[in-house]
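The values are calculated or read from the model by the stated rules, or taken from the named source; none is laboratory data. Given the structure is predicted, the values throughout are model-derived calculations rather than measurements. Glycine also receives a Cβ, built like all others from the backbone with ideal geometry; neighbour counts cover every protein chain displayed.
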């Protein structure tokens with residue numbers, strides 16, 4: 001699908017999203033707004049382990065004795081571009097998990113365009129900052145477990161999940177705050193593409209593109225249970241993301257048990273209206289947290305970080321705000 | 001059959017990766033077809049008749065389906081059919097002509113999907129290559145492997161092989177190199193990769209089109225000192241040597257990487273590719 005065709009669909013859905021029923025059925029009921037916590041992190045030199053552990057515990061994340069898999073967005077080691085979740089953020093979250101009593105902590109990624117894991121989670125810059133108890137796993141090359149696709153959009157009967165994903169007791173998604181040249185933004189939900197091994201799906205995971213990127217994101221969101229999310233917004237990427245864009249300092253980490261609430265809040269911080277982003281609108285049909293009133297922002301005042309990310313012309317119609 | 005050479009200590013170390021008749025990518029994993037195939041190519045240069053090669057070959061041969069395809073595992077039918085191309089190269093090197101021809105038959109039936117050209121993407125989407133997954137677009141790596149398989153089998157002039165090389169030339173980044181298969185998007189060149197560049201260069205060894213790959217050769221030769229990974233060193237050395245470029249420096253570094261003690265992150269497929277690279281690109285050439 002060409003970008004402008006996709007965007008036509010997105011615009012139509014966005015216009016219809018105010019009408020009940022058009023975003024995939026009634027939202028999941030929940031007792032209280034979804035918490036999203038903002039932590040101020042002006043640069044990557046600051047060790048955030050204690051603060052992250054405190055927020056995770058406050059959000060009710062229980063990791064004692066569990067096998068935890070951290071899924072960063074780590075796709076292209078490139079010193080001049082903020083493409084990946086920063087190693088210091090990955091390390092802070094990994095060490096926070098150990099602090100909370102996790103029995104095993106693994107950092108795993110199935111990069112979608114690089115086969116060579118040296119450019120991904122086996123990169124020395126990451127391994128150098130991790131506690132020796134934290135393993136790094138190249139999930140592109142290895143065993144997979146077939147699980148039924150619990151969504152109905154892509155038409156794929158099943159997903160082959162990396163074994164590390166299937167066997168984890170707790171999955172924590174750690175995306176980078178970036179624009180995306182096909183989807184508008186790439187955050188927690190899009191990050192799930194990296195749970196699928198390349199030896200099954202190729203480089204890039206073209207089967208998922210063929211079945212519709214947004215369809216595949218949504219099906220994965222219904223199939224893969226994510227227990228917690230931490231978005232690296234210390235330095236994001238604007239413009240022609242997710243690889244060729246420019247650095248955009250925001251100075252914040254976003255933490256939440258709710259993927260869509262985290263994505264919607266991050267989008268607002270980036271100057272995009274999540275109710276104008278097709279896959280977020282559709283995710284609102286089965287996940288809580290799309291609307292601002294569904295989210296309880298905690299920690300720092302979001303006004304401190306709110307900005308407007310530059311983006312490709314096609315995505316400027318997704319902008320909105322001010323939201324805070 | 002390639003004649004047996006002097007016993008190679010690296011090949012002995014490669015054999016240590018074998019488990020349950022196959023080679024896992026990583027020590028904690030299950031035997032993997034791709035890692036086993038690359039190990040077989042490494043063994044073909046020095047110990048083609050050894051017990052390790054025989055066991056690996058038996059396992060791979062048993063995976064070949066009635067249609068000639070070779071996939072990831074019997075438990076996951078239809079998955080990883082891109083492995084048929086490297087399997088065909090291995091079958092050729094071990095003189096299993098019937099298995100090779102059935103694999104080539106499957107490859108010739110497998111075509112990438114074509115679509116209309118998109119002004120945002122700098123490539124000709126109407127050229128047919130080979131996909132990772134049936135029913136999707138063509139990409140550099142599966143197309144390169146399929147073209148190599150046809151080339152070593154004496155079918156480098158087959159129309160699909162010719163179109164495969166045309167596909168690769170179209171996907172070459174203008175300033176040199178290849179990535180997974182998009183040279184540019186939105187008027188910007190994308191970043192080249194060491195491994196896919198080395199692999200694509202192998203396709204043009206002793207085949208037409210070599211004159212047009214000079215930007216990629218220059219790129220790889222000029223940047224070889226920046227390559228740090230075993231995977232990158234292996235495929236870059238193969239691509240450069242295939243076209244007569246000096247590989248003394250890169251092979252020295254490759255040798256050092258292979259000699260370092262393996263750990264739980266050592267990818268056996270990359271180790272095997274490194275052993276192949278030290279022996280030279282002949283297993284990939286007609």
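Before moving on, here are some points about what is shown:
- Residues satisfying the stated conditions in segment A:305-324, i.e. in contact with a helix residue (DSSP H, G or I) (Cβ under 6 Å, 6 or more places away or on another chain) and assigned to a loop (DSSP other than H, G, I, E, B): A:305, A:306, A:323, A:324
- Number of residues in segment A:181-217 that are in contact with a strand residue (DSSP E or B) (Cβ under 9 Å, 6 or more places away or on another chain) and at pLDDT below 95: the value is 1.
- Within segment B:7-39, being in a loop (DSSP other than H, G, I, E, B), closer than 16 Å to residue B:230 by Cβ and touching a helix residue (DSSP H, G or I) at 6+ places or on another chain (Cβ under 7 Å) holds for B:17, B:25.
- Among the residues of segment B:239-253, those that are assigned to a helix (DSSP H, G or I) and either in contact (Cβ under 8 Å) with a residue 40 or more places away in the chain or within 17 Å of residue B:193 (Cβ to Cβ) (or both) comprise B:239, B:240, B:241, B:242, B:250.
- Of all residues assigned to segment B:181-204, at least one qualifies as being at pLDDT 95 or above, within 23 Å of residue A:124 (Cα to Cα) and assigned to a strand (DSSP E or B).
- Subset of segment B:217-238 [within 14 Å of another protein chain (Cβ to nearest Cβ) and part of a helix (DSSP H, G or I)]: B:226, B:230, B:231, B:232, B:233, B:234, B:235, B:236
- Residues located in segment B:253-281, provided they are over 13 Å from the mean Cα position of the chain (by Cα), more than 13 Å from chain A (Cβ to nearest Cβ) and over 14 Å from residue B:10 (Cβ atoms): B:253
- Within segment A:254-287, the set of residues being under 20 Å from residue A:83 (Cβ atoms) and touching a helix residue (DSSP H, G or I) at 6+ places or on another chain (Cβ under 7 Å) comprises A:254, A:263, A:267, A:269, A:272.
- Among the residues of segment B:41-60, those that are touching a strand residue (DSSP E or B) at 6+ places or on another chain (Cβ under 9 Å) and crowded, with 21+ Cβ neighbours inside 10 Å comprise B:56, B:60.
- Some residue of segment A:220-230 being on the phi > 0 side of the Ramachandran plot and in contact with a helix residue (DSSP H, G or I) (Cβ under 6 Å, 6 or more places away or on another chain): no
A quick yes/no check of all residues on (1) more than 18 Å from residue B:281 (Cβ to Cβ); (2) within 13 Å of chain A (Cβ to nearest Cβ):
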position	(1), (2)
B:167	yes, no
B:182	yes, yes
B:186	yes, yes
B:191	yes, yes
B:199	no, yes
B:205	no, no
B:211	yes, no
B:215	yes, no
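- Within segment A:283-298, tally of residues that are assigned to a strand (DSSP E or B) and crowded, with 19+ Cβ neighbours inside 10 Å: 2
- The set of residues in segment A:288-324 being touching a residue at least 12 places away in the same chain (Cβ under 8 Å) and more than 20 Å from residue A:38 (Cα to Cα) consists of A:310, A:311, A:312, A:314, A:315, A:317, A:318, A:319, A:320.
- Checking residue A:147 against (1) at pLDDT below 95; (2) farther than 23 Å from residue A:231 by Cβ, the condition it does not meet: (1)
- Residue that is nearest to residue A:52 (Cα to Cα), among those in segment A:194-209 that are within 14 Å of chain B (Cβ to nearest Cβ) and assigned to a helix (DSSP H, G or I): A:198
- Among all residues of segment B:167-174, there is none that is out of contact with any strand residue (DSSP E or B) (no Cβ under 7 Å at 6 or more places or on another chain), in a loop (DSSP other than H, G, I, E, B) and surrounded by fewer than 24 Cβ atoms within 10 Å (Cβ to Cβ).
- If you go through segment A:48-77 and pick out every residue that is assigned to a loop (DSSP other than H, G, I, E, B) and exposed (fewer than 13 other Cβ atoms within 10 Å of the Cβ), you end up with 3.
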